[in-house]
1. Which fully enclosed helices (runs of 4 or more DSSP H) of the range 1-113 have 3 or more residues being at pLDDT below 90, within 23 Å of residue 123 (Cα to Cα) and in contact with a Leu (Cβ under 9 Å, 6 or more places away or on another chain)?
2. So which residues in the range 65-91 are closer than 14 Å to residue 113 by Cβ and of a type in the set (A, V, I, L, M), if there are any at all?
Amino acid sequence: MFPRPGLAAAVLVVLALGTPAFAQAPAAAKPAGTTVNIQGNDQQSWINDPHWHAYYDLTKAAFAQGPGKVDVADFERQSFALFRDFAVKRGVDPAHMQDHLKLIPRQVVQIVKEDPKVLDSYQNFVEATFGPQ
């Protein structure tokens, strides 16, 4: 499965804000076409974080009655609460984290509607939101 570019980009930006790599001086410019991991070497700690596992569980619960019965506004509200808590744990301003992730809940809803297998496992969910591991 290929990650959704908009979601992956948003997650990458947020992850970069909470990692030590964000505070470092910028690296030398990379040649065009080079892929750069702006998350630093800490991506796995984000994937293993209980908040992201909770987000997977929250998403599964939102879809428990089927894609047509998802209360998107409630899912978004619960997502934002989780994102703010995650920000506090990572030492990031909760309002800033929520602002950067504001599109994620609705994008996740669309991703799961298009491919329900995203919720078959946490690994599938990670690949859909972070990209292939």
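The values are calculated or read from the model by the stated rules, or taken from the named source; none is laboratory data. Worth saying up front: this structure is predicted, and the values here are computed from it rather than measured. Neighbour counts run over all protein chains shown; Cβ positions are idealised from the backbone, glycine included.
1. Details: elements: 5-17, 20-23, 43-48, 50-62, 72-90, 94-101.
Helices (runs of 4 or more DSSP H) meeting the threshold: 5-17.
2. If the condition is that a residue be closer than 14 Å to residue 113 by Cβ and of a type in the set (A, V, I, L, M), then 70, 72 are the ones that fit.
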